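Enquirer: Sharing a structure with you now.
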Amino acid sequence: MPAGGSARESWRTLFYANLIKSFIDEVLDGGAANEGDFGDGAWVQEVINAVEQSYRERRWTDLPLPR
């Protein structure tokens, strides 16, 4: 549980409290340990775009997407 958290709080509240704490720790520490970087985010966005395209066109979509 995050500092100040309680077992009586909903899992959503605790999840987001921990998520925000993790993000702030990453920003303040500036170390190598992190949840991802720009490249990871770009890859995830490309996968999301491919899923959307595949759904819209009703066919398989190859990765990487054409530029």
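The values are calculated or read from the model by the stated rules, or taken from the named source; none is laboratory data. In this text, all values refer to a predicted model and were calculated from it rather than measured experimentally. Note: ideal-geometry Cβ built from the backbone for every residue, glycine included; neighbour counts use all protein chains shown.
Enquirer: Tell me the residue from 27, 51, 44 that is at pLDDT 90 or above, β-branched (Val, Ile, Thr), within 30 Å of residue 2 (Cα to Cα) and not in a loop (DSSP other than H, G, I, E, B), please.
Expert: After ruling out the rest, the residue left standing is 44.
Enquirer: How many residues are outside any helix (DSSP H, G or I) and not basic (Lys, Arg) if we restrict to the range 5-24?
Expert: 5
Enquirer: Do we find a residue being over 13 Å from the mean Cα position of the chain (by Cα) and acidic (Asp, Glu) anywhere in the range 42-52?
Expert: Within the range 42-52 (the criterion being over 13 Å from the mean Cα position of the chain (by Cα) and acidic (Asp, Glu)), the answer is yes, since at least one residue qualifies.
Enquirer: Return the residues of the range 1-25 that are surrounded by 11 or more Cβ atoms within 10 Å (Cβ to Cβ) and over 14 Å from the mean Cα position of the chain (by Cα); say none if nothing qualifies.
Expert: 2, 5, 9, 13, 14, 17, 21, 25
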